[in-house]
Amino acid sequence: MKSLKIGVCGVGNVGGAVIENLTLSPDTVEFNGGVKIEILQVGARKGKSAVPYNVEVSTDLMEVSQNPDIDVFVELIGGCELAKELIEKSIKNGKNIVTANKALISTHGDELFNLAKENGVQIGFEASVAGGTPVIKALREGLVANKVKWFAGILNGTTNYILSKMTDENSSFEDALKQAQNLGLAEADPTMDVDGTDAAQKASILSALAFNTPFDFSSVAYGGIEKISSDDILYAEQLGYSIKHIAYGSIENGEVNVSAYPTFVSKDQLLSQVGQQMNALEIYCEDIGSTVYYGPGAGPKPTASAVIADLVDISNGGWPVLDNNSKKNQFSKQGNEKFSRYFNLEVKNEAGAIAKVSSLFAKKDISIEALIQKESKQNIDPQNYVPVVIISGKISDLQALAMLKEIESMEEINKSVKQFRIHNAI
Ligand code: HSE
């Protein structure tokens, strides 16, 4: 049987699960993958006490990247600076790399793949997007014969868990977040999950594979789920939508739009049914239409599963290193993609107020597809405002933001207005 000697740096949730799997139940990988994976050294700054297995532990992470007996350096410490330094050193020492680090790949991917190419080694990064659901494999291998037109995905388990709990169990945002953290789904700093950063990083990696764009997280527009209230969830339900955090990428005439925002997803779409911490990715290709990938995208075991799959791939010779020198498609600076929109506002309960709002939509040439006005909550709201929800026709992000500002500046409007995209059947 083939053998692969690895060094693992990082013994947090994911590192711990990789070491546990390979140490306690190596038979499955040996049987399914035909390779014996041996952990030669573990890098853990806290030392041996952090690694309750019979493996050699070094507190000096650089030592692992320089160990001449190691074939693959597995980077699971997260963050950018030290992780990059360790990976670069390992590559220069002739080691293949496996990483779950989406922050690093989505920012420095081009540089790292170039270095890997120069040194004749592989970089496996399946675990950086959708954890245990092999979406990178699907894009690079299964769909290799296709031109991707667009993808839409739920790529953050924590936010999906929070939105599902708020929808299905009326949980508060805070309680749901705590539960997600307890399950080991959330990032060390959960702000990255909640504000959309994590999903945007993953979307930029998918874009590099689907559309041949640079690995450039800074070109992804994104927002988080912080402003979603139980009211929005109820309105979504009434209108036939679920609220999901959706990473969306598309290409038109070589121009690429990639973004990640909370989005109303029509209940007739598969993505609207994806609950709990699950991830799902729909990839639409020119010739074959949509394929959909669903599964666990966060948590120690699913992520470890993807790391180990990359190790087996590398033992089989891997895949060609991504070629960064071929012509790249560029990101659109404008955010031209158009979506229908949900606007949630509070309008003064006086004659003609709604008419003024709707004439603003007419003036901007934006159609109103649906409008819900609830009865005035006179006893609750001394100013006597009424909640109003408007579903608009398709407009770009720029148009939506301009509209938002104009509505907010009207004297008949209370508080800040909310606006979310709508993902309809295509
Ligand atoms: N914190 C991420 C999520 C998991 O909730 O999806 C790792 O990417």
Point to revise | In Å², nearest 10: area of D268 left accessible to a 1.4 Å probe | key: 110
Check your understanding: What accessible area, in Å² to the nearest ten, does a 1.4 Å probe give for D168?
Key -> 110
Check your understanding: If r is the Cβ-Cβ distance from A362 to D268 and R0 is 22 Å, what FRET efficiency results, to the nearest 0.05?
Key -> 0.15
Check your understanding: How much accessible area does T28 have with a 1.4 Å probe, in Å² rounded to the nearest 10?
Key -> 80
Point to revise | For N329, distant residues with modelled amide H under 5 Å away | key: T213
Practice item. Kindly work out what percent of the DSSP beta bridges joining two residues of the chain are antiparallel, to the nearest 5. Key: 65
**Study point:** Backbone HN-Hα couplings from phi across region 62-74 [Karplus 6.51/-1.76/1.60, Hz, Gly and Pro as x]
**Key:** 4, 4, 5, 5, 10, 5, x, 8, 8, 8, 10, 9, 9
Check your understanding: Between I413, I123, I162, which gets the highest mean-square fluctuation from a Gaussian network model of the chain, Cα cutoff 10 Å?
Key -> I413
**Study point:** Sparse-neighbourhood loop sites, trypsin sites (Lys or Arg not before Pro) in region 148-245 - DSSP loop, at most 15 other Cβ within 10 angstrom
**Key:** K227
Practice item. Please report how far the C-alpha centroid of region 1-80 lies from that of region 109-142, rounded to the nearest whole angstrom. Key: 19
Check your understanding: Going through region 42-99, which trypsin sites (Lys or Arg not before Pro) have at most 15 other Cβ atoms within 10 Å and a DSSP loop state?
Key -> R45, K46
Study note, to complete from the structure: Per-residue ellipticity at 222 nm attributable to helices in the chain (runs of n ≥ 4 DSSP H, -39500 (n - 2.57) apiece, nearest 500 deg cm²/dmol) works out to -10500 deg cm²/dmol
Check your understanding: What residues have an amide H closer than 5 Å to that of I123, excluding those fewer than 5 places away on the same chain, when H is modeled at 1.01 Å from N in the peptide plane?
Key -> I97
Check your understanding: What percent does the relative contact order of the chain come to when contacts are Cα pairs within less than 8 Å and at least six residues apart?
Key -> 16
Study note, to complete from the structure: Tilt, helix 173-182 to longest principal axis of the chain (alpha-carbon atoms), in degrees rounded to tens, equals 10
Exercise for review: Just report the Cα centroid separation between region 389-420 and region 353-373, whole Å.
Suggested key: 10
Point to revise | Helix 353-363 axis, angle to the chain major axis (alpha carbon atoms, nearest 10°) | key: 60
Exercise for review: Show the residues, 5+ positions off or on another chain, whose built amide H is closer than 5 Å to the amide H of V74.
Suggested key: G7, V8, C9, V98
Practice item. Would you mind checking the tilt of helix 13-24 against the longest principal axis of the Cα atoms of the chain, expressed as 0 to 90 degrees and rounded to 10? Key: 40
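The values are calculated or read from the model by the stated rules, or taken from the named source; none is laboratory data. Computed from a prediction, not measured in an experiment: that's the story for all the values here. Ideal geometry is used to build each Cβ from the backbone, glycine not excepted, and the neighbour counts take in all protein chains shown. Heavy atoms of the whole protein, side chains included, go into the accessibility calculation; ligands, DNA and RNA do not. Shrake-Rupley method; radii C 1.70, N 1.55, O 1.52, S 1.80 Å.
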